[in-house]
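Comments concern the structure below.
The values are calculated or read from the model by the stated rules, or taken from the named source; none is laboratory data. Bear in mind the structure is a predicted one, so any value in this text is a computation, not a measurement. Glycine also receives a Cβ, built like all others from the backbone with ideal geometry; neighbour counts cover every protein chain displayed. Note: accessible area is taken over every heavy atom of the protein model, side chains too, but ligands, DNA and RNA are not part of it. Shrake-Rupley method; radii C 1.70, N 1.55, O 1.52, S 1.80 Å.
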Amino acid sequence: MKIFALAFFLPFALFGQQDALLEEVKKAYKNNGVQCSVLVHIEVPGLKMPDKNIFVKFVPNQKPVVKGDGMMLVPKKGLIGQFNEVLDAKSQVIFLGNDADTAIYKVVSLDPNSDWVTADLRICRSNKRIYFMDIFTKEYGSFQVRHRYKNQMLPVQSIISFEADALKLPLKFMGRGEAEDIPTDANGKVKGRVILRYSNVVML
Amino acid sequence: MRALLTNELYKLFKKPRTYISPVVIVVIIILINLGMFLEGGQILDFLLATLREQFFLEGNLINGYLITFLSLSTLWVHIPILVVIVTADLMSSEFESGAIRMLLTRPIKRSALMSAKMLTALIYVTLFMLFIGALSYGIATLIFGKGDIIVLYEGIQIITSAQFVPRFLLTLAYSTFGMMAFAAMSIYISTATKNSLAAILVSLGVLIISTLLQTFSLGIFESWKPFLFTYHMSQWQLFFYTDIPWMEILVSTVFLAAFTAVFVGLSYRKFNRLNITE
């Protein structure tokens with residue numbers, strides 16, 4: 001009888017526990033915006049760009065403010081201020097399991113206006129931090145984001161990986177007039193990586 | 001020598017044809033700036049469409065530095081044509097007018113006269129390149145301001161605004177050197193043909209053939225590239241690589257120096273042995 005009762009109530013108890021963890025994470029990341037300086041390092045085949053120091057400000061439901069010298073490229077997903085975009089969205093959360101001290105969730109967006117469809121999150125149980133996000137978007141493919149932390153709740157570094165179409169280079173425009181081959185995979189895609197190092201992080 | 005040079009420069013700047021090329025350059029640069037003002041945004045949108053899928057792009061993308069670079073990219077084929085109009089006429093006009101006979105009856109060495117012609121060509125080419133540089137930079141930065149530039153070499157390379165000016169000045173210096181090589185060849189042809197029209201046409205013919213061979217990317221032509229002077233003249237573009245390949249630039253500089261030396265030598269030899277009574 002006890003075994004039956006345990007078998008019946010255990011899943012609910014575990015689910016409640018996972019739900020509570022996610023609620024704690026949501027609270028921890030709750031803010032009215034974030035502003036910080038970011039050192040942007042871009043590794044995309046076919047694109048050579050010097051590292052850039054920029055200032056960014058994220059306020060929920062507003063376009064990010066990006067300031068800096070010259071041309072700036074900021075990845076569309078995986079930035080420091082975009083945790084709430086996933087955590088606070090109208091969504092269905094599915095607990096996928098545990099991996100040591102890490103809880104794995106799949107968040108499915110229920111908001112028809114959101115540009116992301118699903119997000120896989122890996123959250124450390126002990127410090128309630130999100131270490132990995134795999135975000136699938138409607139238009140821009142998927143972005144895998146690894147966060148590194150020091151003492152704060154917000155990361156000091158994010159490594160964003162993504163797949164993109166190979167850069168299309170028109171012949172005879174602003175160049176030597178020679179088509180250069182950019183190595184792609186079988187689907188004509190290239191793998192890109194952006195490393196963001198944050199400093200002077202302020203929660204608004 | 002100084003008197004000879006002064007005389008040559010006086011003759012050069014008295015001729016209306018000396019001013020044809022600068023006027024053409026003014027028109028071309030105004031058209032490039034106008035084109036970029038009207039359609040530059042669309043061109044960049046097309047160019048950066050793939051990047052926009054993954055990134056927010058911020059900053060002054062269409063700026064004076066980009067348009068200055070674009071002007072140079074557009075003009076590097078045309079500048080030699082505009083240079084040759086003047087340099088190919090330097091010697092042959094003396095033969096055509098018969099002034100060479102009068103000149104050589106005076107107590108001056110033929111080599112001194114040739115040196116004055118060569119120096120005149122060097123001064124003209126340098127002034128012409130400075131004019132192109134100042135005009136393209138001045139107009140574009142005045143209208144569009146400054147900023148980073150996008151260069152399509154081996155993909156997309158971004159050159160920061162801080163890197164632009166020194167690279168632009170190096171480009172101007174290298175291009176002047178390249179144009180001087182072409183001018184030296186045209187002066188030799190001018191001395192050999194003794195006819196301005198023939199000298200201009202032959203020089204342009206050589207330029208067109210060399211440029212065409214350079215453009216063909218087929219097997220056999222590919223291996224010819226390092227022997228084409230137009231290939232080495234176009235190496236100024238290497239200054240706009242993120243990591244400048246100095247060794248390649250040095251090789252091209254040595255090639256152009258040797259090319260110039262050969263044609264300067266040939267011009268002296270031809271002129272010194274010329275029978276002006278013919």
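Picking from A:GLN82, A:GLN157, which residue would you name as being closer than 29 Å to B:LEU57 by Cβ, polar (S, T, N, Q) and within 14 Å of chain B (Cβ to nearest Cβ)?
Unique residue meeting the criteria: A:GLN82.
Looking at (1) in contact with a Pro (Cβ under 8 Å, 6 or more places away or on another chain); (2) in contact (Cβ under 8 Å) with a residue 24 or more places away in the chain, find the lone condition where B:THR160 falls short.
(2)
Looking only at segment B:90-111, which residues are part of a loop (DSSP other than H, G, I, E, B) and among the basic types (Lys, Arg)?
B:ARG106, B:LYS109 - these are the residues of segment B:90-111 that are part of a loop (DSSP other than H, G, I, E, B) and among the basic types (Lys, Arg).
List every residue pair whose Cβ atoms sit under 6 Å apart, with the two residues 6 or more apart in sequence or on different chains, where the first one lies in segment B:196-213 and is part of a helix (DSSP H, G or I) and the second, anywhere, is open to solvent by 70 Å² or more (accessible area, probe 1.4 Å).
B:LEU213/B:TRP224
Being open to solvent by less than 20 Å² (accessible area, probe 1.4 Å), touching a Pro at 6+ places or on another chain (Cβ under 7 Å), more than 14 Å from every other protein chain (Cβ to nearest Cβ) and not β-branched (Val, Ile, Thr): is that true of B:MET179 here?
Against the criterion (open to solvent by less than 20 Å² (accessible area, probe 1.4 Å), touching a Pro at 6+ places or on another chain (Cβ under 7 Å), more than 14 Å from every other protein chain (Cβ to nearest Cβ) and not β-branched (Val, Ile, Thr)), B:MET179 qualifies.
Are there any pairs with C-beta distances below 7 angstrom linking a residue in segment B:141-153 that is facing another protein chain (nearest Cβ under 7 Å) to a residue that is open to solvent by 30 Å² or more (accessible area, probe 1.4 Å), with the two at least 6 apart or on different chains, and if so which?
If the second residue must be open to solvent by 30 Å² or more (accessible area, probe 1.4 Å), the pairs left are B:GLY147/B:GLY59; B:GLY147/B:ASN60; B:GLY147/B:SER161; B:ASP148/B:GLY59; B:ASP148/B:SER161; B:LEU152/A:LEU169; B:LEU152/A:PHE173; B:TYR153/A:ARG176.
How many residues does segment B:50-69 hold that are touching a Lys or Arg at 6+ places or on another chain (Cβ under 7 Å) and more than 7 Å from every other protein chain (Cβ to nearest Cβ)?
Going through segment B:50-69 one residue at a time, the tally reaches 3.
From the list A:VAL56, A:VAL40, A:VAL66, pick out the single residue that is touching a residue at least 60 places away in the same chain (Cβ under 8 Å), within 12 Å of another protein chain (Cβ to nearest Cβ) and crowded, with 17+ Cβ neighbours inside 10 Å.
Answer to the check: A:VAL40.
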